[in-house]
Amino acid sequence: MKKLFAYIFLLFALVSCNTSRFAYFASDGFIQGTTYHIVYEYNADLSSEINYQLHKFDTSLSAYIPQSTISKVNNNQIVTSTDTLFLRCLCRSLEISELTKGAFDITVSPIVNVWGFGFSKRQAVSQQMIDSLKQFIGYKKIRISGDSVIKDIPQLQLNANAIAQGLSCDYIAELFQRKGIDNYMVEIGGEVIARGVNSRGMPWRIGIDKPIDDSTASHRELQEIVALNGRSLCTSGNYRKFYVEDGVKYSHTINPKTGYPAKNKLLSASIMGTDCMSADAIATSCMVLGEEAAVELCDSLPEIEYYFIYTDDDGELQTKMSAGFADALIK
């Protein structure tokens, strides 16, 4: 009897120990010029490893780091033997450029820079300047050959800001998957990928902001709340990164075809997809295309769900969404 009691006690202790060793951890910080917030259920705090992986990511795709792969390619220091993370980003960027007929273009960096949304100070922009720079952009002027990057013109430069944050979310999610982590939420710069449940056993709930002009992000109101499990959610809008000059608003979303900030009635594009990298780039593409063309694009992509906020002819806010996105909304 004593042996049986001891066995039951030992079994209870082992089960208790096994279940109690898993807990929800949070990791927060600053990377890629923005913040990140990551929550996961595991048997150890992975903050140091997450921070290491994010900085490793920057050494590949941050144009703010002189020795990163993307900076070296931009400066023509190397165009061969690039790392696999960079190649993955560039390859998907070129695919999305084809899908969107050039609405997304990773080579638009020179024009982004002159408008003051890139890596240099804003300049006095003229049509002549834009025309002169347009000869140096174009996704068809760069290609991948094996593990090498071939640029047709040395002046061509890359800016991965419209896709890299989404990819960094995928990058950390893949780290968690390798460790067998089933419950996590990764948010970097507002782009999110989530799987499983939160610490209360509920699906992860992610908010979509109302498109209120506020470059400081100090005034925020939620438009909708989405239940997210096993999918990514990326929102692009022109209500955070912009400036007003001589009464004219200039947004950070540049139309690669015109060389000017995109102007249409679409205020916010939220894209839900299987991977965060693609959702990030598609969201930016939609802001360039405008509401009607964006709906046409998203309807042609079965893995994509969308939620658009736009103004009608009377200046009133309207929304349009796919059926799959509507199903994910918290009522």
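The values are calculated or read from the model by the stated rules, or taken from the named source; none is laboratory data. Being a predicted model, the structure only gives us computed values, none of them experimental. Cβ: placed from backbone, ideal geometry, glycine included. Neighbour counts: every protein chain shown. Calculation scope for accessible area: heavy atoms of the full protein, side chains included, ligands and nucleic acids excluded. Shrake-Rupley method; radii C 1.70, N 1.55, O 1.52, S 1.80 Å.
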Open item on the list: So I have (i) 1.12; (ii) 1.04; (iii) 1.09, and one of them is Rg/Rh (Cα atoms, Kirkwood Rh) calculated from this model. Which one is it?
Closed with: (ii)
Task: Solvent-accessible surface (1.4 angstrom probe) belonging to residue 117, in square angstrom, nearest 10 - done: 40 Å²
Task: Protection-proxy order for peptides 273-279, 203-209, each taking the mean of Cβ atoms within 10 Å per residue, highest first - done: 273-279, 203-209
Open item on the list: Given the whole protein assembly as supplied and a 1.4 Å probe, what does the accessible area of residue 252 come to in Å², nearest 10?
Closed with: 50 Å²
- [ ] Give me the percent of the accessible area of the chain that comes from carbon and sulfur atoms, probe 1.4 Å, all protein chains in place.
- [x] 53 percent
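For an R0 of 35 angstrom, estimate the FRET efficiency from the Cβ-Cβ distance between residue 140 and residue 313 and round to the nearest 0.05.
Values: r = 36 Å, r/R0 = 1.03.
For R0 = 35 Å, the calculated efficiency reads 0.45.
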- [ ] Express in nm, to one decimal, how much length is gained between residue 202 and residue 48 on full extension, taking 0.36 nm for each residue of separation and deducting their alpha carbon distance.
- [x] 52.7 nm
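What whole-number value in Å² describes the accessible area per residue of the chain for a 1.4 Å probe? Show your work: numbers first, answer last.
Numbers: 16310 Å² over 331 residues.
Averaged over the residues of the chain, the accessible area is 49 Å².
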Open item on the list: On a full-extension model of 0.36 nm per residue, what is the gain between residue 123 and residue 101, subtracting their alpha-carbon distance, rounded to one decimal in nm?
Closed with: 5.1 nm
Open item on the list: On a 1.4 Å probe surface of the protein chains, which of 202, 129 comes out largest in accessible area, and what is the full order?
Closed with: 202, 129
Task: Where a label projected 7 Å from the Cα of residue 24 along Cα→Cβ would reach, residues of region 167-185 with amide N under 13 Å - done: 183-185
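With a ≥ b ≥ c the root eigenvalues of the C-alpha gyration tensor of region 82-186, is it rounded (a/c under 1.5), prolate (a/b larger than b/c) or oblate?
Values: a/c = 2.70, a/b = 1.77, b/c = 1.53.
It is prolate, given that a/c is not under 1.5 and a/b is the larger ratio.
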- [ ] Before anything else, pin down the relative contact order of the chain: Cα pairs under 8 Å, at least 6 apart, normalised by residue count, whole percent.
- [x] 14 percent
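Mind ranking 83, 280, 45 by accessible surface for me, highest first, 1.4 Å probe?
Values: 83 50, 280 10, 45 90 Å².
Solvent-accessible surface, decreasing: 45, 83, 280.
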TODO: Grab the DSSP H runs of the chain that are 4 residues or longer, score each as -39,500 (n - 2.57), total them, divide by all residues and round the 222 nm result to the nearest 500 deg cm²/dmol.
DONE: -10500 deg cm²/dmol
